[in-house]
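The values are calculated or read from the model by the stated rules, or taken from the named source; none is laboratory data. Computed from a predicted model, the values in this text were never measured in an experiment. Cβ: placed from backbone, ideal geometry, glycine included. Neighbour counts: every protein chain shown. These area figures cover heavy atoms from the full protein model, side chains too; ligands, DNA and RNA do not enter into them. Shrake-Rupley method; radii C 1.70, N 1.55, O 1.52, S 1.80 Å.
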Amino acid sequence: MALTHIKVAKDLQELTLHGSNAFPVALYETHLQLDRSDFLPLHWHKEIQFVYVKSGRVEYRIGADVLLLEAGEGVFVNAACLHEAKPANVEQSLLFCINVDPKLLGGHDGSILTVKYISPFIENNRLPYVKLSGELAQAVENIAQRLKAQQPYFEIQVWRALLSLWEAILCQSKLTEETMQSSMIVQHERAKEMLDYIHRHYQEKITLEQLATHVFLSRAECSRYFKKIVGITPFTYLLHYRLRKSMELLRDSEHSITLIASITGFSTVSYYIEQFKVYTGYSPHVYRKKFFAQVNE
């Protein structure tokens, strides 16, 4: 299943149900195509995630850090951590994302597995990610292939392989050496609050003063915190978010370009078209004509 245009709540929590209550693990085989502006947008989820880059090269942002993942490499993304991905200077990348509810590994609440080996490493402000290479990355691909094939007993095989991978990560001290600094935790939470505010009001005019007041910071601190965690300024993010919302409408509605510009917060249609071309390389009309059929196939 591809997952390049995921649904998220206003606070960026992903709304996709990963797997089922009976087997809470899901595989997403995702193609990121540069000329179509495909990406995994900034989001977070309560599940832990294992990523493997099958081909191409992927830029993965997790909190304030940016990783360049080559083919054959991967990353573990901890629960509740903001992250996003896009192809890195290549036409197309293919990656496997495996989202796992921690309860699949630990069993019921209060079990020795949960209390001793799961919760301490995904709660209590543990590290947001671990880059995976070699055997650890290969283990992620093997799990992905089992999930794809769904041969008899694959659930048992996947569960056993996930436990083995988790044990290897812990045994190699990948998650046990340090925790996030308290100052970084505060910055992450404030960034989430600012993102939530932008998503709720992106159709309106937003000033830096309004954003700073919302999180009880000065304008300078607000801008600095946001850029450190998200990688761009609040208003560059706002512009990109409006453009991405317009891309959804171009794909999923028959609204006119003028109406789309208006309802996504652009003051004039000419400015919208200009910024859309800078962001995607296409005019809104050409983008809709070129990619609308592909998305709906």
Legend entry - Of the criteria (1) open to solvent by 50 Å² or more (accessible area, probe 1.4 Å); (2) in contact (Cβ under 8 Å) with a residue 40 or more places away in the chain, which one Glu254 fails: (2)
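Given the criterion modelled with pLDDT of 90 or more, aliphatic (A, V, I, L, M) and either within 23 Å of Glu193 (Cα to Cα) or not in a helix (DSSP H, G or I) (or both), identify the matching residue among Leu243, Leu259.
On the way: Leu259 fails: either within 23 Å of Glu193 (Cα to Cα) or not in a helix (DSSP H, G or I) (or both).
Sole residue among the options that is modelled with pLDDT of 90 or more, aliphatic (A, V, I, L, M) and either within 23 Å of Glu193 (Cα to Cα) or not in a helix (DSSP H, G or I) (or both): Leu243.
Check whether at least one residue in region 87-97 is surrounded by fewer than 18 Cβ atoms within 10 Å (Cβ to Cβ) and modelled with pLDDT of 90 or more, and report yes or no.
Keep residues of region 87-97 that are surrounded by fewer than 18 Cβ atoms within 10 Å (Cβ to Cβ), which gives 89-92, 94.
Okay, now just the ones that are also modelled with pLDDT of 90 or more, so 94.
So far as region 87-97 goes, yes, one or more of its residues are surrounded by fewer than 18 Cβ atoms within 10 Å (Cβ to Cβ) and modelled with pLDDT of 90 or more.
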Legend entry - Flag if Lys227 is in a helix (DSSP H, G or I) and in contact with a Pro (Cβ under 9 Å, 6 or more places away or on another chain): yes
Inset, instruction - Go through Lys103, Lys54 for me and flag whichever is modelled with pLDDT of 90 or more, among the basic types (Lys, Arg) and out of contact with any strand residue (DSSP E or B) (no Cβ under 9 Å at 6 or more places or on another chain). - result: Lys103
Inset, instruction - Scan region 220-242 for residues that are charged (D, E, K, R) and surrounded by 15 or more Cβ atoms within 10 Å (Cβ to Cβ) and report the count. - result: 2
Inset, instruction - Could you please find all residues in region 63-78 being buried (at least 17 other Cβ atoms within 10 Å of the Cβ) and modelled with pLDDT of 90 or more? - result: Leu67, Leu69, Glu73, Gly74, Val75, Phe76, Val77, Asn78
Legend entry - Among residues of region 146-189, those that are modelled with pLDDT of 85 or more and open to solvent by less than 70 Å² (accessible area, probe 1.4 Å), counted: 14
Inset, instruction - Considering every residue within region 38-49, establish whether at least one is open to solvent by less than 20 Å² (accessible area, probe 1.4 Å), in a strand (DSSP E or B) and either at pLDDT 90 or above or basic (Lys, Arg) (or both). - result: yes
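Within region 204-221, does at least one residue satisfy the condition of being in a helix (DSSP H, G or I), closer than 23 Å to Tyr60 by Cβ and β-branched (Val, Ile, Thr)? Can you show your working first?
Restricting attention to region 204-221, the residues satisfying the condition of being in a helix (DSSP H, G or I) are 208-214, 219-221.
Next, from what is left, pick out any that are closer than 23 Å to Tyr60 by Cβ: none.
Within region 204-221, not a single residue is in a helix (DSSP H, G or I), closer than 23 Å to Tyr60 by Cβ and β-branched (Val, Ile, Thr).
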Legend entry - So Arg288, is it over 25 Å from Ile185 (Cα atoms), buried (at least 17 other Cβ atoms within 10 Å of the Cβ), modelled with pLDDT under 95 and in contact with a helix residue (DSSP H, G or I) (Cβ under 9 Å, 6 or more places away or on another chain): yes
Inset, instruction - Answer with yes or no whether Ile198 is outside any helix (DSSP H, G or I) and in contact with a helix residue (DSSP H, G or I) (Cβ under 8 Å, 6 or more places away or on another chain). - result: no
Inset, instruction - Report yes if some residue within region 200-212 is open to solvent by 20 Å² or more (accessible area, probe 1.4 Å) and in contact with an Asp or Glu (Cβ under 7 Å, 6 or more places away or on another chain); otherwise report no. - result: no
Legend entry - Members of region 144-159 found to be farther than 18 Å from Leu94 by Cα and of a type in the set (A, V, I, L, M), listed by number: Ile156, Val158
Inset, instruction - Examine region 125-140 for a residue that is modelled with pLDDT of 90 or more, under 22 Å from the mean Cα position of the chain (by Cα), surrounded by fewer than 17 Cβ atoms within 10 Å (Cβ to Cβ) and more than 26 Å from His188 (Cβ to Cβ), and state whether such a residue exists. - result: yes
